[in-house]
Amino acid sequence: MPLEIERKFLLPEYPEELIRKGELIIRSEQEIDQTYLALHEDQELRVRKIRDVASGNVTFTHTFKKGFGLSREEVEVSISEGLYGQITEVHRAVPLTKRRVTAEWNGIVVEIDRYDQIDLMVLEVEFAAEGEAREFQPPQWFGPDISTDKRYSNKKVWRDLQQSRRAQ
């Protein structure tokens, strides 16, 4: 099964100055609606609706992930809009929504997620190998490393969102 190897950082502020100086080059922006279908221990199933901000193109995905920490097994497949609609209609869950900016900094691709429903910004960097991920020295502007902090996992944030909806 393919591996996703990444480090995550709690981004303290959006890097406007780096973008203005041309040190951080934006490659794409997406609006993502993410709904979890099943969560069990270190496994998850989710669907996403992804809209490219520049083109308006919309795609839909179904993803299985297993594991926790720097390396996780991940299988992602494209699905149709009809299938996505059926799945989300059955679950009636509130999707976690975020804007993802994919950018390049010093030859490294970074993804910045700005969440809509909560005050949270996360920066992710993916790697080809776990050793490469461990050796990576992040700049200070990335913020604290939260790669193994479950409080910031998307599934935890999504679960909290569902519980706050039920409490209303």
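Numbers for the structure displayed
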| item | result |
| --- | --- |
| Meets criteria (loosely packed, with under 15 Cβ neighbours inside 10 Å and among the hydrophobic types (A, V, I, L, M, F, W, C)) for L120 | yes |
| Qualifying residue in the range 87-99 (condition: among the hydrophobic types (A, V, I, L, M, F, W, C), surrounded by 15 or more Cβ atoms within 10 Å (Cβ to Cβ) and in contact with a His (Cβ under 7 Å, 6 or more places away or on another chain)) | no |
| Out of R114, R151, R159, sole residue that is open to solvent by 60 Å² or more (accessible area, probe 1.4 Å), touching a strand residue (DSSP E or B) at 6+ places or on another chain (Cβ under 8 Å), assigned to a helix (DSSP H, G or I) and of a type in the set (K, R) | R159 |
| Residues that are within 12 Å of K66 (Cα to Cα) and charged (D, E, K, R), drawn from the range 1-45 | E4, E41, D42, E44 |
| Any hit, the range 45-63, residues being within 23 Å of T148 (Cα to Cα), open to solvent by 50 Å² or more (accessible area, probe 1.4 Å) and among the charged types (D, E, K, R) | no |
| Residues of the range 135-148 classified as among the β-branched types (V, I, T) and open to solvent by less than 30 Å² (accessible area, probe 1.4 Å), total | 1 |
| Of residues in the range 16-31 being farther than 26 Å from R48 by Cα and touching a strand residue (DSSP E or B) at 6+ places or on another chain (Cβ under 8 Å), the one surrounded by the most Cβ atoms within 10 Å (Cβ to Cβ) | L24 |
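The values are calculated or read from the model by the stated rules, or taken from the named source; none is laboratory data. Computed from a prediction, not measured in an experiment: that's the story for all the values here. Backbone-built Cβ (ideal geometry, glycine too); neighbour counts: all protein chains shown. Note: accessible area is taken over every heavy atom of the protein model, side chains too, but ligands, DNA and RNA are not part of it. Shrake-Rupley method; radii C 1.70, N 1.55, O 1.52, S 1.80 Å.
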